[in-house]
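Take a look at the structure set out below.
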Amino acid sequence: MGNAESSVFQKRMARVPPADQAEIQSGFENLCQAKNSTKKSLGLAAFQDSIGSSLPSAMSNRIFHGIQSENPTSKASPATPEIRREQYALFIVDILRGTADEKGAITVHMMTSDNKEEVTGQEVQKFLEDLIWAVVYVLQRENALSGWSLENTRDCKSGTLTLAAQLLSQLHSAGEQTLKEVECLSSSFTQTSITDWLYRAPIVSMFLRIVVTLGLSIMKESTEHQLDLSSLVPKCKKGKKTSFCSLLDFPSVMFLNSHLPSEMQQRWRLLFSTQIHGESFSQLCGHLVDQGPSLLVLRDSDGFIFGGFASQSWEVKPQFKGDSRCFLFTVSPHLDIYTYTGYNDHYMYLNHGQQTMPNGLGMGGQHEYFGLWIDSNFGKGHSKAKPRCTTYNSPQLSAKEDFTIDTLEVWALGELPEHLQAKNKKSVLDADPEARALLEMTGRVRQSDGLRDKEEDEES
């Protein structure tokens, strides 16, 4: 390795500690040894054989082209059909710690193998589909789904397509003009546009980091990797209701979770589902009230899936509450999030049993014209936004303005509120040792014994 190569290579590698440098470079040596080869380079077929089933073939092919684009020297040099250790190491470092321009250049090469200066919207779309599916694949293979099951969520393939379309919609032309989906697919984009897009859609870079880290078994214990996982994959607690199947697909779970406040990204706990608790507004309120922040998801009779994030505990009272962190969203047929506009503070509303005020659950807009409304006469609702909801700038979420609910589910987010933690930890008998002693003297068993331990087991 010449002086020019050494200088450029060492400067870039200095972004990671020496221990990580050694791990990265030994990773390539292990790939070469897997082929029982004395060569210090790998072609595409050998690279994919060495990786085996760690990654889907479409993604390992893209990663190979990304590695191939790396140049460890300060001099321009043509791409070679095989990759070397220095290229492999720089690729890892650039994906994990690279500048925006470095990530943009690599991403463009991963999108197309033709070394073109521009990529089409269709190439970006296909890249996103391969990337999202690779994320799901490596998380499942590493048992890192944190309690989520692909069998008990919506179809992952359709979720992959809608998330890819959502991320593509954030890609702008050189003139910073937002393009319609059809226009975006047929447009061409420069590396500058791709670099800017990675800044606006940070989840794409996060997906790349997870795929590279888990797929190539590199720096899996790093703090950055653990933060990526925690912000994308919440621990799912839905009890032992094996028949329950969520309205959400796993890609949409990752997308929604990445937009939640960080303290609410760690855990999702199923509070209510019409599949389990039946179609009752009283039941909904009973499971929803005073449970901390929550995510409400519903499907209307036309198959549209949408909902809202409530940043505070729900309370039954005839006033609006909540704060600017609340948002509305759609999952199907389109995936998107709609945040507050600052126009008013009508974030969340829950009322029941009053004659003078509307009875039901609402988010955004105003009385009788909510962005999302579920009537206390359970089964009916509306989404009125002509042209947009004043609070969240959301369009009509449902297929029809007045809709019929097919299925509804609510997830509590983050840690259990303190008052519920205290309630779980302390029973009446804990507070009254005399009553506990009397019970034990009569030979009777406390019915609550073991339940709290069981709760913790289900959580883990």
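The values are calculated or read from the model by the stated rules, or taken from the named source; none is laboratory data. Just so we're clear, the structure is a prediction, and the values are computed from it rather than from any experiment. With ideal geometry, Cβ positions are generated from the backbone for all residues, glycine too; neighbour counts draw on all protein chains shown. Surface areas here come from the heavy atoms of the whole protein model, side chains and all, with no ligands, DNA or RNA. Shrake-Rupley method; radii C 1.70, N 1.55, O 1.52, S 1.80 Å.
Quick look at the values:
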{"quantity": "Near pairs, Cβ below 6 angstrom, 6+ apart or cross-chain, from the range 61-89 (under 23 Å from residue 50 (Cα atoms) and free of Cβ contacts under 8 Å to residues at least 24 places away in the same chain) to any residue that is in a loop (DSSP other than H, G, I, E, B) and open to solvent by less than 30 Å² (accessible area, probe 1.4 Å)", "calculated": "87/70"}
{"quantity": "Number of the exception - residue 110 against (1) surrounded by fewer than 20 Cβ atoms within 10 Å (Cβ to Cβ); (2) farther than 19 Å from residue 24 by Cα", "calculated": "(1)"}
{"quantity": "Residue that is surrounded by the most Cβ atoms within 10 Å (Cβ to Cβ), among those in the range 200-254 that are part of a helix (DSSP H, G or I) and of a type in the set (Asp, Glu)", "calculated": "228"}
{"quantity": "Residues (surrounded by fewer than 19 Cβ atoms within 10 Å (Cβ to Cβ), more than 21 Å from residue 264 (Cα to Cα) and among the hydroxyl-bearing types (Ser, Thr, Tyr)) located in the range 313-362", "calculated": "341, 343, 356"}
{"quantity": "Residues (open to solvent by less than 30 Å² (accessible area, probe 1.4 Å) and within 10 Å of residue 191 (Cβ to Cβ)) located in the range 113-137", "calculated": "119"}
{"quantity": "Qualifying residue in the range 288-307 (condition: open to solvent by less than 10 Å² (accessible area, probe 1.4 Å), over 23 Å from residue 266 (Cβ atoms) and of a type in the set (A, V, I, L, M))", "calculated": "yes"}
{"quantity": "Which listed residue is modelled with pLDDT of 90 or more, within 32 Å of the chain's Cα centre (by Cα) and surrounded by fewer than 14 Cβ atoms within 10 Å (Cβ to Cβ), from 66, 52, 98", "calculated": "52"}
{"quantity": "Pairs, first more than 15 Å from residue 272 (Cα to Cα) in the range 392-418, second of a type in the set (Val, Ile, Thr), C-beta under 6 Å, six or more apart", "calculated": "393/341; 397/330"}
{"quantity": "Selection status of residue 348, free of Cβ contacts under 8 Å to residues at least 60 places away in the same chain and touching a Cys at 6+ places or on another chain (Cβ under 9 Å)", "calculated": "yes"}
{"quantity": "Selection count, the range 139-159, where residues are surrounded by fewer than 23 Cβ atoms within 10 Å (Cβ to Cβ) and in a helix (DSSP H, G or I)", "calculated": "9"}
{"quantity": "Selection from the range 363-380 of residues that are open to solvent by 10 Å² or more (accessible area, probe 1.4 Å) and under 17 Å from residue 322 (Cβ atoms)", "calculated": "366, 367, 373"}
{"quantity": "Residue pairs meeting the criteria (Cβ under 9 Å; at least 6 apart or on separate chains; first touching a residue at least 24 places away in the same chain (Cβ under 8 Å) and under 8 Å from residue 348 (Cα atoms), in the range 320-331; second charged (D, E, K, R) and not in a strand (DSSP E or B))", "calculated": "320/345; 321/315; 321/345; 322/345"}
{"quantity": "Meets criteria (touching a His at 6+ places or on another chain (Cβ under 6 Å), in contact (Cβ under 8 Å) with a residue 60 or more places away in the chain and either polar (S, T, N, Q) or surrounded by fewer than 21 Cβ atoms within 10 Å (Cβ to Cβ) (or both)) for residue 274", "calculated": "no"}
{"quantity": "Selection from the range 160-174 of residues that are modelled with pLDDT of 95 or more and open to solvent by 40 Å² or more (accessible area, probe 1.4 Å)", "calculated": "161"}
{"quantity": "Residues within the range 205-246 that are without any contact (Cβ under 8 Å) to a residue 40 or more places away in the chain and among the polar types (S, T, N, Q), tallied", "calculated": "5"}
{"quantity": "Set 364, 379: member being in contact with a strand residue (DSSP E or B) (Cβ under 9 Å, 6 or more places away or on another chain) and at pLDDT below 95", "calculated": "379"}
